[in-house]
Amino acid sequence: MVKIASWNINSVRLRMPIVERFLQEEAPDVLCLQEIKTIEESFPHKAFDALGYTHRAIHGQKGYHGVATVSRIPLREFSRHDWQDNGEARHVGVELLGPGQGMILENVYIPAGGDEPDRTINPKFGQKLDFFERMTRWADTVDRPTLIVGDFNVAPLECDVWNHKQLLKVVSHTPIEVETLQRFKDAHGWVDIGRELIKAPERYYSWWSYRSPDWKANDRGRRLDHMWASPELAKQAVAHSVLEAARDWEKPSDHVPLITEFAL
C-alpha cells in the first residue's frame, strides 16, 4: 500500500504547524505541496527530516507559487516543466524508487486565471488556457504509469461547486475552462480518482474562500484540487478521501488535503 496526498498549502513556512499535524495524523508516504511560496534554501527541511520525510524534490520561488514533493519513500526528480516559459515555479515530477517503484508522480500548480474569463481583456486567463494546452500536448506523450496531482484551479462538474448556475461566468467553472480541462484529460485518458471513488453528485469540495467569514455556514466550496491517474494505475487506487476538517485548523490554508491509497 502506498498513500499519496496533495495539498495547496498557501505558504509552507507559515503553515508548517498544520503540515506537521497532517503528517502525524494521516501519515501519507508522499505529500505533494503547491503554492509553497519559498525557494529551496529556505524550505523547512529540518522539520520534514524530523517527521521522517527525508526525500524531497523542490521547485521553489520566492514569495509566490512553488511546488514540493516530500516523501518517506526514496525518489528521484524526474521532470521540471516551465509551462509558461516565464520562470514561474509550478511543476515538479518525481519517480518513486521504493514501494511504488516505477510510478511517476507529477505535482502541478495551475494558474488561477484572474477575475475576468476573457483573454482579450485579462491576459492571466489566456495564460491559464495556454498552460493547459501545453500540458495537453505533453499528456499525449506520457507512456509510463503516472499520477498527476495538484491545484488545477478548475471545478469541472456541476456538482463540484456550491452553485453551478451562479458560477458559470466565474473563473474556475466557466465552460471554456471545463472544455480545456477535458481536452487535457482525453489526451492521456486520465482517470479522475476523486470522482472515480467519490461518485458524482456526492459532496466533494477542496477549497473555500478566505472571504467568507464562516466557511462552514456558507459552505461555498469548489473542487479545485485533483488527483488523476493513468488508466492502468487508476485500477490500483483503493481509497480516496478529502480532509475537509483541515479547513478548520489554526491558520488554515484555503485548500484542504486530498489522499489516495494505492495497492501496488
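Checking the structure you have, find out if any residue of the stretch 203-222 is under 18 Å from the mean Cα position of the chain (by Cα), surrounded by fewer than 16 Cβ atoms within 10 Å (Cβ to Cβ) and at pLDDT 95 or above. So far as the stretch 203-222 goes, yes, one or more of its residues are under 18 Å from the mean Cα position of the chain (by Cα), surrounded by fewer than 16 Cβ atoms within 10 Å (Cβ to Cβ) and at pLDDT 95 or above.
Scan the stretch 30-41 and tell me whether some residue there is surrounded by 19 or more Cβ atoms within 10 Å (Cβ to Cβ), in contact with a His (Cβ under 6 Å, 6 or more places away or on another chain), of a type in the set (A, V, I, L, M, F, W, C) and under 22 Å from residue 88 (Cβ atoms). Taking every residue of the stretch 30-41 in turn, none turns out to be surrounded by 19 or more Cβ atoms within 10 Å (Cβ to Cβ), in contact with a His (Cβ under 6 Å, 6 or more places away or on another chain), of a type in the set (A, V, I, L, M, F, W, C) and under 22 Å from residue 88 (Cβ atoms). Close Cβ contacts (under 7 Å, 6 or more residues apart or on different chains) running from residues in the stretch 111-126 that are farther than 22 Å from residue 66 by Cβ to residues that are crowded, with 16+ Cβ neighbours inside 10 Å and of a type in the set (Ser, Thr, Tyr) comprise 117/174.
The residues on offer are 24, 101, and the sole one that is surrounded by fewer than 18 Cβ atoms within 10 Å (Cβ to Cβ), without any contact (Cβ under 8 Å) to a residue 24 or more places away in the chain and more than 27 Å from residue 173 (Cβ to Cβ) is 101. Within this structure, residue 139 fails the test of being among the hydrophobic types (A, V, I, L, M, F, W, C), surrounded by fewer than 20 Cβ atoms within 10 Å (Cβ to Cβ) and over 18 Å from residue 255 (Cβ atoms). Within the stretch 144-190, the set of residues being surrounded by 15 or more Cβ atoms within 10 Å (Cβ to Cβ), over 27 Å from residue 66 (Cβ atoms) and of a type outside the set (Asp, Glu) comprises 157, 159, 162, 167.
The set of residues in the stretch 98-126 that are under 27 Å from residue 264 (Cβ atoms) and charged (D, E, K, R) contains only 106. Look at the stretch 138-153: where a residue is closer than 14 Å to residue 232 by Cβ and a partner is of a type outside the set (A, V, I, L, M), sitting 6+ places away or on another chain with Cβ atoms under 6 Å, you get 142/188; 145/230; 145/232; 146/230.
Conditions (1) closer than 16 Å to residue 223 by Cβ; (2) more than 15 Å from the chain's Cα centre (by Cα), marked per residue:
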residue: 80; (1), (2): no, yes
residue: 115; (1), (2): no, yes
residue: 134; (1), (2): no, yes
residue: 137; (1), (2): no, yes
residue: 150; (1), (2): yes, no
residue: 154; (1), (2): yes, no
residue: 163; (1), (2): yes, yes
residue: 174; (1), (2): yes, yes
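The numbered conditions (1) modelled with pLDDT of 95 or more; (2) under 22 Å from residue 68 (Cβ atoms); (3) of a type in the set (Gly, Ala, Ser) are all true for residue 98 except (1).
The selection criterion, being at negative phi and modelled with pLDDT of 95 or more, does not hold for residue 27. Look at the stretch 171-191: where a residue is under 11 Å from residue 113 (Cβ atoms) and in contact (Cβ under 8 Å) with a residue 24 or more places away in the chain and a partner is among the β-branched types (Val, Ile, Thr) and in a loop (DSSP other than H, G, I, E, B), sitting 6+ places away or on another chain with Cβ atoms under 6 Å, you get 172/154; 177/154. Taking the numbered list (1) at pLDDT below 95; (2) hydrophobic (A, V, I, L, M, F, W, C); (3) buried (at least 16 other Cβ atoms within 10 Å of the Cβ) in turn, residue 7 passes all entries but (1).
The values are calculated or read from the model by the stated rules, or taken from the named source; none is laboratory data. Quick caveat: nothing in here was measured; it's all calculated off a predicted structure. Virtual Cβ from ideal backbone geometry, glycine too; neighbours counted across all protein chains shown.
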